[in-house]
Every structure is written in C-alpha cells, then in structure tokens.
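The numbers here are math on the coordinates, done by the rules we state, and not lab data. Model, not experiment: these values are computed from the prediction. Ideal geometry is used to build each Cβ from the backbone, glycine not excepted, and the neighbour counts take in all protein chains shown.
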Amino acid sequence: MTISSAYIHIPFCQQICHYCDFTKFFYNERLADEYLIALEKEIHTYIPSGKASVRTIFVGGGTPTAVNHQQLEKLLKMIDAHFDVAGCEEYTFEANPGDLDMEKVRLLKAYGVNRISLGVQVFDDDMLEKIGRVHKVKDVYTNIDRLLSGGLSNISIDLMYALPGQTVEDFNKTIDEALQFGLPHYSSYSLQIEPKTVFYQRYKKGKLSKAPEEREAEMYELLQRRLANAGAVQYEISNFAKPGFESKHNLTYWDNAYYYGIGAGAHGYMPGKRTINIRPLPAYVKQAMENGKPVLHEEPITRKEMMEEEMFLGLRKTQGVKVERFKEKYDQPIVDVFGQAISAMKDRRLMEEEQGYLRLTPKGRILGNEVFQEFLLDD
C-alpha cells in the first residue's frame, strides 16, 4: 500500500497553553533555524530524490506560523522540494489567531497551502487568559479577514468545552460567535487533563476541578445540535463540516491508512510498523543531523493490532466501519473476528449496523472509549 499522507511537526509556540501536552518549545530564532535544517535531513531520509506523491500534507505543532517570515518560507520551500504539492488534494497549516500577518498569508497561498486550521478555543477573552492562550477574540476576526482577503477560504476552527468554570451558556455563546463566520469546518474537543501540563499540576494540588460528566455531555449534545442546525455534518466524533469539506488528512488516520510522521515527537504509520520520533528538541536535532533518523521507537504492527485499530479508528467516523472493506483488507469477515463485541455493543444500543456500515449510536459516541475497549482482542 502507498503512503498517502504526511504529517510535519513544528514544535514552536509563542506561549505554552496550560492544557497542551504536544511536543512544544518556546520560539527561539536560533533553535528554529537549527530545527529546520534537521527536519530537512529527516525528510531526505524518507524521500532521497524526486517528489513524493501524497494526497494530504498537514503541518501541525506547536504553532507552525510562530516562526519568522524567512523561516516560514524556508519550510514551505523544503516541503515543495520533497512533496508533489501541486498534486496534493489538501495541504493544511495550523495557525494561532494573531500569528498571521498578510505577508505570512501570501507566503502560504503562494506555496500551495489550501487549508488553514485556526486554534480559536473560545470566544471569551477572560477564558482565553485562564487557559494560557495569548490571543484575544479580536485577533480571530482580524486573522479570518486576512485569510479570506488572501484567498484562503478553506478555514477550520478548533473550539474547546468542559473548561474550568465554563458553563453551558458560556459554550453556547462561543458556538454562536463561531457560527457567524459560516466556515466550512469546525472541530471541537472537551478538555483532557494530561500529565506534564500546567492544568495537571493544578489538578493534582486540588486547585483545578474538572467539569462534571453530565455538564460535559450536555455541552457535547448542544454542539451536535447547533452545528447540525447550521448545516454542518458531523462526520467524526469531534469534527463537523459542510459537505465536501471534511478533513481529508484526518480521514487518513481514521481510515487506518499509512502516513509519514516527520519532526520532533511526530508519530508515523508505515507498512508494517508505527514510528515515534524523539521529543526533546536538542536530542531530535542531534540525531537527525547525525543520520537523518531521529526515531525514538519503532514498533512492528501485527495483523491483530491492525484489525483492532481498524475498528476503534473507523468507529470514530459517523459513517463507521465498512463491513465489506474490512473483509477486502483482512480477507476475513468482520463477524469472525469481532462478532462477540459487535453483538454486545448492539445489545447495549451503543452500536448499530446500516447499509453495510457498523457505527456508533449517538449514545455510543458519548461512551466512545468504552466501546473501543471492547475491540481489543485477547492475545
């Protein structure tokens, strides 16, 4: 099978958010220069000559647009040199509101970027400050205006809910404001308190309380209802799009397809193995400069693991897992492998089968992790 996508990680941020556990470091011009040289070494290892043909490219972070103009252009040229950007269906850059001046917008557009994912989180300045975001609500308006005037209209925004002290009414106001833009794509996630984050330290000390599960469920149901009414189709647990604007890159993950994972801490999925790169920046740079292979861990993936992942990634999609596709891919009917789990989940009304697809029910989406565990096979 071919490698259909590339994820490229740029770990720099102007400020570290209190909830973030991705690989990230405060932006420093010298470090960013070194990092880009190391990044090219790694890309060159995977693609030593010519241009790789991929369906999607996603440049995430950190904040890829936190680098300066010269570095951004260097990164864009590097990607263009190694990937067939012109033949790529979807080329996304993550950005923070406030990071994009017109020069950066023009650069992104000139080098073939055709989709922007903006980390908005909430339309509330006080809450933005509480969660460690550096932008203000007005920056969202300014940046969306710049993107639209620069010809980049395929914009997605990220929203968060179940934040400390956030009420259902607060979240409803954020949805109101988000929908005013009439954007083609929205992603929304509940707060997860992850180790090694500011929020985790506060939570452990009893200085931060999590939103009750009932409130989180109420916010999620509100989100689903409001976006459906606005004409955005929920195609995955956390993602909503106008028809035709579903994120092709994210569907790579949920379809359990192969992708390059490039950069500090990046995860990749290649035929027969999953890879995880070194996270600490100096160690990543050192290893990449030495041999172009800054891999921390390489894990062979068994047929059993592939089938498990096919289920719990595929079930994240609203459409679900295509029964026939499973049989084609693994040469075995899905009921022979997971019959017991499927029956149990149907009995609990957490799963249903329709038109050749197995999918989560609305109740199953709320209890997704509970369902996914049922598809772990015994050794």
After finding the eigenvalues of the alpha carbon gyration tensor for segment 109-208, what semi-axes result from the square roots of 5 times each, listed largest first in whole Å? 28, 15, 12
Sum of side-chain charges, residue 149 neighbourhood, beta-carbon under 15 Å (Lys, Arg +1; Asp, Glu -1): +1
Provide the three semi-axes, in whole Å and in decreasing order, of the ellipsoid equivalent to segment 249-332 as defined by the square roots of 5 times the Cα gyration tensor eigenvalues. 30, 13, 9
Highest mean packing first, using Cβ neighbours within 10 angstrom, the peptides 249-255, 145-151, 74-80, 47-53 sort as 249-255, 74-80, 145-151, 47-53
Which three extents, in angstrom, do the Cα atoms of the chain have along their principal axes, listed largest first? 58, 49, 44
Would you look at the GNM of the chain, springs on alpha carbons closer than 10 Å, and say which of 153, 187, 117 moves the most? 153
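With only Lys, Arg, Asp and Glu charged, each at its Cβ (+1 for the first two, -1 for the last two), find how big the charge dipole of segment 321-373 is about the Cα centre; round to the nearest 20 debye.
240 debye
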Quick one: order 183, 376 by neighbouring beta-carbon count within 10 Å, fewest to most. 376, 183
Using helices alone, I'd like the mean residue ellipticity at 222 nm for the chain: each DSSP H run of four-plus residues gives -39500 (n - 2.57), total over residue count, nearest 500. -12500 deg cm²/dmol
Largest fluctuation, 121, 355, 340 only, Gaussian network model of the chain with Cα springs under 10 angstrom, belongs to 355
Which one, 273, 173, 329, has the greatest fluctuation when you compute a Gaussian network model over the chain with C-alpha springs under 10 angstrom? 329
Given a Förster distance of 35 angstrom, what is the FRET efficiency for residue 141 paired with residue 354, based on the Cβ-Cβ distance and rounded to 0.05? 0.25
Per the Debye formula with a single identical scatterer at each Cα and no solvent contribution, what log10 I(q)/I(0) holds for segment 1-127 at q = 0.09, 0.10, 0.17, 0.20 Å⁻¹? -0.26, -0.32, -0.90, -1.22
Using modelled amide H (1.01 Å from N, peptide plane; none on Pro or chain starts), what sits under 5 Å from the amide H of residue 6, excluding residues fewer than 5 places away? 56, 57, 58, 260
Fraction of alpha-carbon pairs in segment 216-360 farther than 28 Å apart, rounded to whole percent, equals 36 percent
Between the residues 163, 76, 229, the Cα farthest towards the positive end of the dipole of segment 5-254, that dipole coming from +1 and -1 charges on the beta-carbon of Lys, Arg, Asp and Glu, is from 76
Subtract the Cα-Cα distance of residue 68 and residue 377 from 0.36 nm times their separation in residues, and report this length gain in nm to one decimal. 106.5 nm
Inter-label distance for residue 323 and residue 336, nm, one decimal - labels placed 7 Å from Cα along Cα-to-Cβ: 1.5 nm
Pairwise label distance in nanometres, residue 293 with residue 229, each label 7 Å out on the Cα-Cβ vector: 5.6 nm
Based on the Kirkwood radius over alpha-carbon pairs, what value in µm²/s does the Stokes-Einstein equation return for the translational diffusion coefficient of segment 321-373 at 37 °C and 0.692 mPa s? 289 µm²/s
So how strong a dipole does the chain carry about its Cα centre when Lys and Arg Cβ are +1 and Asp and Glu Cβ are -1, to the nearest 20 debye? 420 debye
Cα to Cα, under 22 Å, and not fewer than 8 places away if on the same chain: which lysines meet these conditions relative to residue 41? 24, 51, 74, 77, 273, 286, 293
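In the chain, what % of DSSP beta bridges are antiparallel (nearest 5)?
In the chain, approximately 40 percent of DSSP beta bridges are antiparallel ones.
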Placing unit charges on C-beta atoms (Lys and Arg positive, Asp and Glu negative, everything else neutral), compute the dipole magnitude of segment 241-379 about its Cα centre in debye, rounded to 20. 580 debye
Sketch the reach of a paramagnetic label on residue 30 as a point 7 Å from Cα along Cα-to-Cβ, and name the residues of segment 266-288 whose backbone nitrogen lies under 18 Å away. 281-286
